[in-house]
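Have a look at the structure below before the remarks.
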């Protein structure tokens, strides 16, 4: 469970834990919005801010890298795709694959932006309870017409809650298969199927049990949600971070 703690709530009394969830969610959305249209200078300033908070929260780096290793495979795929398919002056070629210099720059920027989103998401999830995230999403969606804010908020909160559970089940299946000599299977498709099918079965069984538990407890969307309090510190943090982000974007 120590490896799974970075993608779930970590109890604490730090400054980030005391902030209102709406403040943290607003800051995260603001950073993500500007990051996808930003230059390397902006990304560098935002990365300094997020890494500083990350270190301050004492989130284990090794466990973070282990738990998000599949995300880095995605980054590798994104970088390779941009490097090959972005037109420009060829840097080098291998067989029929041509890597361009603008493609490498573009791929690096895209991966950097995704990393900023990942770090921000980890900070939000590790310092906010699932019920708080649900209440904040519901609060933001309530003024928007034709959107069932309570249903959408519940779906997102369940996704956040299930993520560490899925990773825990995946780790258990991986350990069991290693003990049974799964490395002896040379066919990668066969190995993937041996891993994916049990994981999918366990995930669906867990989802069924959750549905039965919610039905047996007479679940309804009309529930009493946690009270959200936006204090003066939340307002100050929102203004300061917003100013920092906008200033970094305009530089």
| field | Debye log10 I(q)/I(0) at q = 0.07, 0.13, 0.14 Å⁻¹ for the chain, Cα point scatterers | value | -0.33, -1.05, -1.17
| said: Between 132, 221, 168, where does the largest GNM mean-square fluctuation fall for the chain, given springs only between Cα atoms within less than 10 Å? | reply: 221
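By per-residue mean of other Cβ atoms within 10 Å, what is the highest-first order of 174-181, 239-246?
Listed from highest to lowest mean packing, they are 239-246, 174-181.
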| task | Using a 10 Å cut-off on Cβ atoms, rank the peptides 57-64, 159-166 from the highest mean neighbour count down. | result | 159-166, 57-64
| remark: The distance between the Cα centres of segment 57-136 and segment 145-191, in whole Å, is 20 Å
| query | Using the Cα atoms as the points, what is the convex hull volume per residue of segment 130-225 in Å³? | reply | 124 Å³
| task | Based on the mean of other Cβ atoms within 10 Å per residue, sort peptides 225-233, 136-144 so the most packed one is first. | result | 136-144, 225-233
| field | Label-to-label distance, nm, for residues given as residue 62 and residue 239 (7 Å Cα→Cβ offset) | value | 4.4 nm
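No value in this document is a laboratory result; all are computed from the given coordinates. In this text the structure is predicted, and so the values were computed from the model without any measurement. FYI the Cβ positions are ideal-geometry reconstructions off the backbone, even for glycines, and counts take in every protein chain you see.
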